[in-house]
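*Asks:* I am attaching a structure below and will ask some questions about it afterwards.
The values are calculated or read from the model by the stated rules, or taken from the named source; none is laboratory data. These numbers come from a predicted model, not from an experiment. Positions of Cβ are generated from backbone atoms using ideal geometry, with glycine treated the same way; all protein chains shown enter the neighbour counts. Areas reflect the complete protein model, heavy atoms only, side chains present, ligands, DNA and RNA absent. Shrake-Rupley method; radii C 1.70, N 1.55, O 1.52, S 1.80 Å.
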Amino acid sequence: MSDEIESTKESPLVESLLPTTNEDEMKNLMQNLDREQAYREHKCWRQYITVLVSLAFCSFQLYATLSGRIPAQIVRASHLAFVQFLAFLLFPASKSMPKDTLPLYDVALAFIGAGCWSYYIINFHQIVLRAGAYTTLDIFVGIIGIIILFESCRRIVGLPIMIIAGGFILYAFIGKFLPGFLNHRGYKLTRVVSHLYYTTEGIMGTPIGACSTFIFLFILFGAFLEKTGIGQFFIDSCNAIAGGASGGPAKVAVLSSALLGTVSGSSVSNTVGSGSFTIPMMKKLGYRGEFAGAVEAASSTGGQLMPPIMGAAAFLMAESVGVPYITVVKAAIIPAFLYFAGIFITVHLEAHKRGLKGLPKEEIPRFIPLFLSRGYMILPLAVIIYFLCSGKTATYSALMGILSIIMISIVVSFIDVAKGKKPRFSFNDLVQVLCAAARGVISVAIACGMAGIIIGVVTLTGLGLKLGAGLVALAHGQLFVTLILTMISSIILGMGAPTTANYLITSTITATAIVHCVYGNGTPTPEQLLPAHMFAFYFGIIADVTPPVALAAIAGAAIAKARPMRTAVNATKLAIGAFIVPYMFIYNPSMLMIGANAFSILGITITALIGMFAISAGLEGYAFANTGFLNNLSVSSKLKRGASAAERLCFVVAGLCCIDPRTATDIFGIVFLLALIGVQILRKRLAK
């Protein structure tokens with residue numbers, strides 16, 4: 001234990017974020033690691049202003065969505081005006097600044113930022129009628145609006161996407177001086193600003209269009225769910241299901257984080273939210289601090305990949321690729337299942353290797369009473385899933401989900417009042433939900449606006465195809481090498497960026513390379529674009545547990561009093577499925593349920609699951625202890641101490657062959673794995 005406490009000194013950040021179960025300190029942890037959580041909490045009159053603006057924002061969004069009468073450009077510009085105003089009211093210039101003050105310069109920036117987009121709204125018809133003949137005032141307002149957007153991005157989203165967007169704008173001006181495929185004729189200030197600010201090819205493009213409609217609704221839906229206490233219900237339910245199994249708390253962490261990922265939009269917030277409960281339990285049971293923190297970090301990060309909601313990035317993917325949202329959800333099912341299966345299997349093997357037991361029966365809630373008392377909480381999720389599967393739009397499904405939460409809350413509150421209890425959902429709770437939704441959409445909207453700048457420069461200069469062609473040329477046209485380069489680029493671009501931002505960056509810059517390598521100059525269908533976007537999305541997300549940044553792993557390490565880099569390495573090992581599965585669905589899109597029948601999907605899933613077991617066993621250095629399907633077969637004492645490097649490698653090779661969806665590799669992998677099992681059986685009998 002002393003070694004674990006001492007180990008936190010290797011990182012000044014982690015040293016300042018010692019683990020605790022105190023709610024205030026958990027909040028401080030999230031604020032230090034997640035920019036989106038470092039917001040001001042106003043008191044007195046400032047609080048009322050923030051609340052009123054937030055309520056006006058939510059009311060406008062709901063009216064615009066329900067009525068459908070407001071032009072799309074007005075909705076997007078209004079969305080950005082509210083976002084810019086709230087951004088400077090709520091987020092200080094740096095995380096270290098006091099959270100209980102509001103400097104005058106932030107008030108000025110709030111009004112300027114909102115004013116720039118209000119200028120577009122007020123002059124919308126004149127701008128349209130001028131048909132590209134922009135005035136000096138138009139360009140001046142556009143320049144100020146872009147600068148204000150950059151400053152809000154620096155505060156809330158972070159430097160990576162800000163630097164990339166700034167580089168793209170610079171490229172629009174200096175491209176005529178660059179050699180090779182990067183060369184273009186160059187553009188003047190008026191052309192660049194007007195294209196980025198006043199057209200739907202720039203800031204007000206597809207990302208903001210999605211954010212101002214169904215993404216906002218799903219964020220509001222998530223805020224309602226969080227207020228109902230569904231997170232604790234998920235944890236309690238998973239505890240009732242898996243808490244008593246060997247290594248129970250770790251399995252609870254895996255299951256609950258997968259469920260929490262359906263309503264949480266942040267790997268760090270998910271890690272801290274459920275980790276404050278699961279990590280201490282894992283350590284108490286006997287798991288090493290680095291492993292406990294890694295389990296929670298890897299599981300929480302995977303929550304962003306978990307259907308049916310998957311965070312805002314999934315909606316942007318559907319909009320960018322041009323497929324229905326339910327298609328993205330279906331495509332994510334098998335990869336997400338394999339990802340969490342890999343973590344679950346590794347946790348199981350670690351528990352048996354160390355002889356760890358489950359929680360005592362008296363500490364485990366009973367599932368049936370729990371479900372009868374709080375099972376109504378999952379009904380809104382069931383409503384959304386039902387409507388999505390019925391072919392309804394994401395907007396309609398989200399509205400039905402929100403409506404179902406409100407109806408359930410009213411019924412539950414009436415029952416509470418009838419029993420003489422305090423209602424579980426009040427008008428004050430409704431106000432808090434709307435404020436939380438308004439605050440939650442800020443970072444997403446700003447990331448979408450910055451992505452619009454990147455996309456705008458790409459459409460203006462034709463850079464997208466040039467980047468794809470350049471990356472493919474660097475890989476000499478080899479798909480596997482292109483995927484390796486794309487993976488590295490996506491991980492680097494995704495480091496330190498929120499989920500939405502890193503998808504927008506990676507899909508714009510790296511996914512085009514995969515499409516170009518596979519289809520050349522052809523025109524792929526929307527469904528054929530999906531694997532490339534999913535590939536970039538996976539590696540952008542997994543940056544949260546990949547050293548050296550690994551924000552989710554650092555959060556888990558801080559709670560567990562563990563070495564941050566060792567925790568990150570363990571988390572990377574646990575998340576191995578996210579490094580393997582994307583390659584598989586590029587080579588065989590049927591893993592994403594694209595052009596595949598039920599039989600082939602079932603076969604791919606079974607063989608891939610066997611492969612994940614073999615890979616987990618190889619990485620863990622332990623296999624087949626009390627797994628059940630081999631009559632509780634125990635391995636040799638040598639393997640119990642840890643398998644040799646050769647044995648580990650053989651398991652990994654067999655697993656990779658099983659995951660490869662080709663029939664020949666599946667047969668070889670299964671035969672090889674059976675041979676390894678036969679060798680272990682023989683070794684055990686000889687040892688007796």
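*Asks:* If the Cβ limit is 7 Å and pairs must be 6+ apart or interchain, which residue in segment 575-594 that is on the phi < 0 side of the Ramachandran plot and part of a loop (DSSP other than H, G, I, E, B) pairs with which residue that is open to solvent by 30 Å² or more (accessible area, probe 1.4 Å) and among the charged types (D, E, K, R)?
*Replies:* Listed by first residue and then by second, the contacts come to ILE594/GLU527.
*Asks:* For segment 523-544, does any single residue satisfy the condition of being modelled with pLDDT under 80 and open to solvent by 20 Å² or more (accessible area, probe 1.4 Å)?
*Replies:* Yes, there is a match, as at least one residue in segment 523-544 is modelled with pLDDT under 80 and open to solvent by 20 Å² or more (accessible area, probe 1.4 Å).
*Asks:* Here is a follow-up. Look at segment 43-74 and say how many of its residues are crowded, with 16+ Cβ neighbours inside 10 Å and hydroxyl-bearing (Ser, Thr, Tyr).
*Replies:* 3
*Asks:* May I ask you to list the residues in segment 75-120 that are of a type in the set (Val, Ile, Thr), more than 27 Å from the chain's Cα centre (by Cα) and surrounded by 14 or more Cβ atoms within 10 Å (Cβ to Cβ)? If you could, list the steps in order and put the result at the bottom.
*Replies:* First, pick out the residues of segment 75-120 that are of a type in the set (Val, Ile, Thr): 75, 83, 101, 107, 112.
If we keep only those that are more than 27 Å from the chain's Cα centre (by Cα) too, we end up with 101, 107, 112.
Within segment 75-120, VAL107, ILE112 meet the criteria.
*Asks:* Name the pairs whose Cβ atoms lie under 8 Å apart, with the first residue in segment 653-668 and more than 17 Å from ALA596 (Cα to Cα), the second among the hydroxyl-bearing types (Ser, Thr, Tyr), and 6 or more positions between them or separate chains?
*Replies:* From segment 653-668, the pairs are GLY655/SER616; CYS657/THR665; CYS658/THR607; CYS658/THR665; ASP666/THR607.
*Asks:* I would also like to ask the following. Do any helices (runs of 4 or more DSSP H) lying entirely in segment 458-564 carry at least 3 residues that are without any contact (Cβ under 8 Å) to a residue 24 or more places away in the chain, and which ones are they? Let's see the steps before the verdict.
*Replies:* Numbers: elements: 463-474, 479-494, 499-509, 511-519, 526-541, 551-560.
Those helices (runs of 4 or more DSSP H) span 479-494.
*Asks:* Mind counting the residues in segment 378-425 that are part of a helix (DSSP H, G or I) and within 26 Å of the chain's Cα centre (by Cα)? Before you say what the answer is, go through the steps one by one.
*Replies:* Step one: list which residues in segment 378-425 are part of a helix (DSSP H, G or I), which gives 378-389, 394-418.
The next check asks that each one be within 26 Å of the chain's Cα centre (by Cα); those that pass are 378-389, 394-405.
Number of matching residues: 24.
*Asks:* If you don't mind, another one. For segment 174-187, what are the residues that are in contact with a Lys or Arg (Cβ under 8 Å, 6 or more places away or on another chain), in contact (Cβ under 8 Å) with a residue 12 or more places away in the chain and open to solvent by 60 Å² or more (accessible area, probe 1.4 Å)? Walk me through it before giving the result.
*Replies:* Taking segment 174-187 and keeping what is in contact with a Lys or Arg (Cβ under 8 Å, 6 or more places away or on another chain), we get 175-176, 181-186.
Right, trim to in contact (Cβ under 8 Å) with a residue 12 or more places away in the chain and you get 175, 181-182, 184, 186.
Listed by number, the list holds a single entry, PHE181.
*Asks:* Next up: Give segment 188-242 a look and list any residue that's hydrophobic (A, V, I, L, M, F, W, C), in contact with a Lys or Arg (Cβ under 7 Å, 6 or more places away or on another chain), open to solvent by less than 20 Å² (accessible area, probe 1.4 Å) and in a helix (DSSP H, G or I), or say none.
*Replies:* Keep residues of segment 188-242 that are hydrophobic (A, V, I, L, M, F, W, C), which gives 189, 192-193, 196, 203-204, 208, 210-211, 214-221, 223-225, 230, 233-235, 238, 240-242.
Keeping just the survivors that are in contact with a Lys or Arg (Cβ under 7 Å, 6 or more places away or on another chain) gives 204, 208, 233, 240, 242.
Next, from what is left, pick out any that are open to solvent by less than 20 Å² (accessible area, probe 1.4 Å): 204, 208, 233, 242.
Result: ILE208, PHE233, ALA242.
*Asks:* Can you pull out every residue in segment 114-158 that is closer than 28 Å to TYR39 by Cβ and either touching a strand residue (DSSP E or B) at 6+ places or on another chain (Cβ under 8 Å) or of a type in the set (D, E, K, R) (or both)?
*Replies:* Once the filter is applied, which keeps residues that are closer than 28 Å to TYR39 by Cβ and either touching a strand residue (DSSP E or B) at 6+ places or on another chain (Cβ under 8 Å) or of a type in the set (D, E, K, R) (or both), segment 114-158 yields GLU151, ARG154, ARG155.
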